[in-house]
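Single-structure report; data block below.
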Amino acid sequence: MSNWWEEPYFNTLWAFGSNPDDDNVGAIDAFQQWAGPVDGITDLSIGQNIIAIIDSGVRYTHEDLADNILINKAEIPNNQIDDDQNGYTDDYYGYNFAYNNGDPFDDSANGHGTHVAGIAAAAANDLGIVGTNPAAKILPIKVFDKNGDVSYSSLIASIDYAVIRGAKVINMSLGVAQQYELFYQAIQSAEGNGCLFIVSAGNDDRDIDQQKPTYPASYKMESGIKVAASNQDGQRVMEGGPRSDPPYSPRWGSNYGKQSVDLFAPGIDIYSTVNTSDIAYGYMSGTSMATPLVAGIASSFWARNPDLSASEVKARILSNVDVPEEAFDGDTVTGGRINMERLNQDKIGISSKISSHEFTSTTNSYSHVERWQKEMDITNWITPANLIFHDSDDLKGKTIIGLLSVDIRDKEKVVNDLAKDIKTDQEELKHIDFFKSMEALDHSICTIQLSDQDEAQPKDAIKTLFNEFGYTSFYFDSEVLI
């Protein structure tokens with residue numbers, strides 16, 4: 001690896017401090033504390049150094065990303081065999097949940113996932129730019145199809161996959177309009193597995209505490225950092241504010257929230273890798289760009305301090321922000337912008353402001369599910385009580401997401417027995433075409449594809465899942481409203 005400042009486009013990275021007049025994250029000063037990009041990281045393969053990019057995919061052949069892709073060496077690409085038996089065929093570079101295959105290549109119109117990946121972890125290789133953790137390993141996970149559509153089942157499965165592959169830092173530069181409780185349960189289960197989520201606050205110029213929320217930023221997360229976007233003047237990006245020169249940025253505003261959003265990071269006119277070719281770079285703006293800046297910084301710090309827990313890393317990051325006078329007052333939990341130099345020096349410990357912030361975990365608490373169910377139309381979910389109102393013909397071909405009872409101790413045995421019975425077409429279970437339990441999420445959540453054959457009786461299959469296997473409810477998969 002080369003030195004950071006030798007990258008050809010380093011002077012475009014205002015967020016790093018390439019222009020000292022811009023309010024930045026202190027990356028250059030942080031970088032200069034080390035002899036090189038890997039200095040202080042004893043093991044590049046540890047989960048704390050792996051950043052899962054859950055997005056539109058990643059152009060993993062890009063000159064500034066290829067060396068940092070987390071290759072699954074136990075898998076042989078394109079042989080149509082699950083060589084490592086992790087449940088995902090041909091996942092050599094990552095996985096594509098949008099099209100259910102092992103190729104997470106970014107085919108989106110704007111190259112969103114590729115841009116995000118470069119901000120967090122572009123290599124220090126004398127080419128292009130550099131990420132906030134140029135030593136990180138990138139795990140590409142594609143959930144958006146080429147039209148920008150995504151389903152809840154893909155989001156849930158992507159989190160499970162990130163945990164299976166060992167990623168401890170999960171970047172989600174996305175936001176959805178509707179609460180979907182099993183999505184929240186998946187996040188909480190991953191938190192229970194020691195993962196740190198970095199999520200975007202959204203670009204609607206609103207207070208997500210007082211106005212319409214956005215998810216996952218509006219979820220209560222023990223080890224999740226929610227990120228708003230700041231500009232070169234150290235202010236929140238606001239809709240109707242001045243355009244940059246040249247005008248790369250559309251008119252938009254960063255979401256904020258004193259209770260829901262944790263901190264700011266630069267998110268306007270960010271230069272990074274794009275997916276049009278292996279040597280292409282470009283500008284994008286949004287909280288989507290601010291988020292991977294934080295993900296890279298978090299990974300860089302955590303890889304050098306691997307004994308810390310995810311919640312401890314979060315607390316260190318939040319307690320070491322820059323707090324410009326009145327600039328972010330009332331907009332976030334910290335009222336500050338992430339600062340990489342202060343974090344690495346960790347001079348001030350955990351402030352009273354942060355220690356008073358509630359970090360209590362709600363992992364494995366299903367009261368949210370019960371409350372959410374009351375708000376849902378009966379056509380959106382199935383329970384033992386309302387199964388009678390669902391017709392088998394209407395259930396044919398549907399994808400449903402199931403929740404296993406918290407009272408079942410050996411969930412792994414239950415789902416293994418179920419998978420075996422489905423595979424051998426046991427009685428009513430023959431009406432199930434596909435079953436996938438989320439192994440890394442404690443098998444609490446599963447995805448099921450019901451048969452669409454003329455003779456299929458999927459209602460009988462669901463009844464069996466309730467009565468014999470301990471499932472408590474099923475929810476119809478749906479396209480996410482962004």
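Run the helix sum for the chain: -39,500 (n - 2.57) per DSSP H stretch of 4+ residues, divided by residue count, reported at 222 nm to the nearest 500 deg cm²/dmol. Walk me through the numbers on the way to the answer.
Working: 12 runs with 116 residues, N = 482.
Helix contribution divided over all residues of the chain: -7000 deg cm²/dmol.
How much net charge surrounds Ser158 when only other residues with a Cβ under 14 Å from its Cβ are counted (Lys, Arg +1; Asp, Glu -1)?
Counting the neighbours of Ser158, the net charge comes to -3.
Let's see if you can work this out: charge +1 on each Lys and Arg Cβ, -1 on each Asp and Glu Cβ, no other charges. What is the dipole magnitude of region 4-355 about its Cα centre, in debye to the nearest 20?
680
Evaluate E = 1/(1 + (r/R0)^6) for Gln426 and Asn380, where r is the Cβ-Cβ distance and R0 equals 22 Å; express this FRET efficiency to the nearest 0.05.
0.15
Counting every Cα pair in the chain, what percent are over 38 Å apart?
Roughly 23 percent, rounded to a whole number.
Assuming 0.36 nm per residue, please report the length gained on full extension of the stretch Glu479 to Gln85 beyond their Cα-Cα distance.
Residue separation times 0.36 nm, minus the Cα-Cα distance, leaves 138.9 nm.
For the charge dipole of region 4-355, defined by +1 on Lys and Arg C-beta atoms and -1 on Asp and Glu C-beta atoms about the Cα centroid, which residue among Asn49, Ser272, His62 has the Cα displaced farthest towards the positive pole?
Farthest towards the positive end: Asn49.
What is the distance, in nm, between label points placed 7 Å from the Cα along the Cα-to-Cβ direction at Thr42 and at Ala177?
5.0
Name the shape class, rounded, prolate or oblate, that the alpha-carbon gyration tensor gives for region 43-113, where a ≥ b ≥ c are the square roots of its eigenvalues, rounded holds for a/c under 1.5, and otherwise prolate holds if a/b is larger than b/c and oblate otherwise.
Oblate.
Using θ = phi - 60° and the Karplus curve 6.51 cos²θ - 1.76 cosθ + 1.60, what whole-Hz ³J(HN,Hα) does each residue of region 20-29 get, with Gly and Pro shown as x?
x, 7, 8, 6, 10, 8, x, 5, 4, 5
Give me the percent relative contact order of the chain, please, defined on Cα pairs under 8 angstrom at least 6 residues apart.
Over the chain, the number comes to 16 percent.
Stretch Lys212-Asp452 to full length: gain in nm at 0.36 nm per residue minus the Cα-Cα span?
82.6 nm is the gain from fully extending Lys212 to Asp452.
Label points 7 Å out from Cα along the Cβ direction at Arg409 and Ala74: separation in nm?
Calculated label separation equals 2.9 nm.
What shape does region 368-476 take by its C-alpha gyration tensor, where a ≥ b ≥ c are the square roots of the eigenvalues and a/c under 1.5 counts as rounded, a/b above b/c as prolate, and the rest as oblate?
Note, shape of region 368-476 comes out oblate.
Quick one: net charge around Phe144, please, counting Lys, Arg +1 and Asp, Glu -1 for every other residue with C-beta under 12 Å from its C-beta.
Here the charged neighbours net out to -4.
Using amide H atoms built 1.01 Å from N in the peptide plane, name the residues 5+ places from Ile50, or on other chains, whose amide H lies under 5 Å from its own.
Amide H neighbours of Ile50: Lys137, Lys168, Val169.
Run the reach check for Lys463 against lysines, Cα to Cα strictly under 25 Å, same-chain hits fewer than 8 apart removed. What comes back?
Correct list for Lys463: Lys374, Lys396, Lys398, Lys411, Lys413, Lys420, Lys423, Lys430, Lys436.
Could you tell me whether region 1-61 comes out rounded, prolate or oblate from its Cα gyration tensor? Rule is a ≥ b ≥ c as square roots of the eigenvalues, rounded for a/c under 1.5, then prolate if a/b exceeds b/c, otherwise oblate. Please list the in-between numbers first.
Details: a/c = 1.87, a/b = 1.27, b/c = 1.47.
Oblate is the answer for region 1-61, as a/c is 1.5 or above yet b/c matches or exceeds a/b.
Specify the angular offset, from 0 to 90 degrees and rounded to the nearest 10, of the alpha carbon long axis of helix 181-192 from the longest principal axis of the alpha carbons in the chain.
60
None of the figures in this text is laboratory data; all of them are computed from the coordinates on show. Values in this document were obtained by computation on a predicted structure and should not be read as measured data. In this analysis, Cβ positions are derived from the backbone assuming ideal geometry, glycine residues included, and neighbour counts consider all displayed protein chains.
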